[in-house]
Amino acid sequence: MVQKDCAPMTGAEKRRAARIDQVLDAAADCFVEYGFHNAGMAKIAKRAGMSVGHIYHYFENKEAIIAAIVDRESALSSQRFLELEAIAPSELAEAMADRAARSISDNSDIIQSVLNMEMLAEGQRNPEIAKIIQRHDEHVRKQLIRLFGEKLGLCDAEARADMLMVVVSGLASRVLRHPGLDRAKLVPVLRQTLIDLMSPGPICKP
């Protein structure tokens, strides 16, 4: 569980945070394996190694669990952006391209993609889940716009941020649709695409 401030946690707070992370990890695994609707609280509790009542002690329902999973991802993305802020502007495009390229061959990213697709599907049916997903999307988008506009001084920062998100989400979808995809061959193309996207050039109108 990502802490949102620098105040040290007490022992009790650390134990609670660990238990919550345990529930969220178990729920994410169940959503990927069974789908959102078939992943009942009993399955989540069994995967987490605790009672159903214990799960309800932390979360009111599955929607609350999804909200917590998304909030945790938002906190992690904020940490990643802080790391990127510390990189010199001249090296930022290469650094972001390298990270994206590494993620292509990371199986954990594929699992995350399956989870994201499952939540997107549920968001089509559940307005509350849709709001949670949209909030996270806007959170990431604003950080990208600030990074492109303020740190890199690029024009059309909003369009570039949106296009980067299209590339990343589209890649995740493509890997799921075509499991036999040779991801290694995509690495140099993806790197160059992202570097071009984060570089001054013909995108900007005079």
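Below, the figures for the structure above:
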| quantity | calculated |
| --- | --- |
| Matching residues, segment 99-127, being at pLDDT 75 or above and surrounded by fewer than 14 Cβ atoms within 10 Å (Cβ to Cβ) | R99, R102, Q124, R125, P127 |
| Boolean, E118 is touching a Gly at 6+ places or on another chain (Cβ under 9 Å) and part of a helix (DSSP H, G or I) | yes |
| Residue list for segment 66-100, filter: of a type in the set (A, V, I, L, M), under 27 Å from P188 (Cα atoms) and part of a helix (DSSP H, G or I) | L76, L82, L84, L92, A93, A95, M96, A97, A100 |
| Residue satisfying condition, being aliphatic (A, V, I, L, M) and either farther than 21 Å from G123 by Cβ or loosely packed, with under 14 Cβ neighbours inside 10 Å (or both), within set L171, L147 | L147 |
| Cβ-Cβ under 8 Å pairs, at least 6 apart or on other chains, segment 29-53 side under 23 Å from M117 (Cβ atoms) and not assigned by TED's automatic domain parsing to the domain that holds Q112, far side among the aromatic types (F, W, Y) and not in a loop (DSSP other than H, G, I, E, B) | A39/F31; M41/Y56; K43/Y34 |
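The values are calculated or read from the model by the stated rules, or taken from the named source; none is laboratory data. These numbers were taken from a predicted model, which means no experiment stands behind them. Don't worry about glycine lacking a Cβ; one is built from the backbone with ideal geometry, like all the others, and counts go over all protein chains shown.
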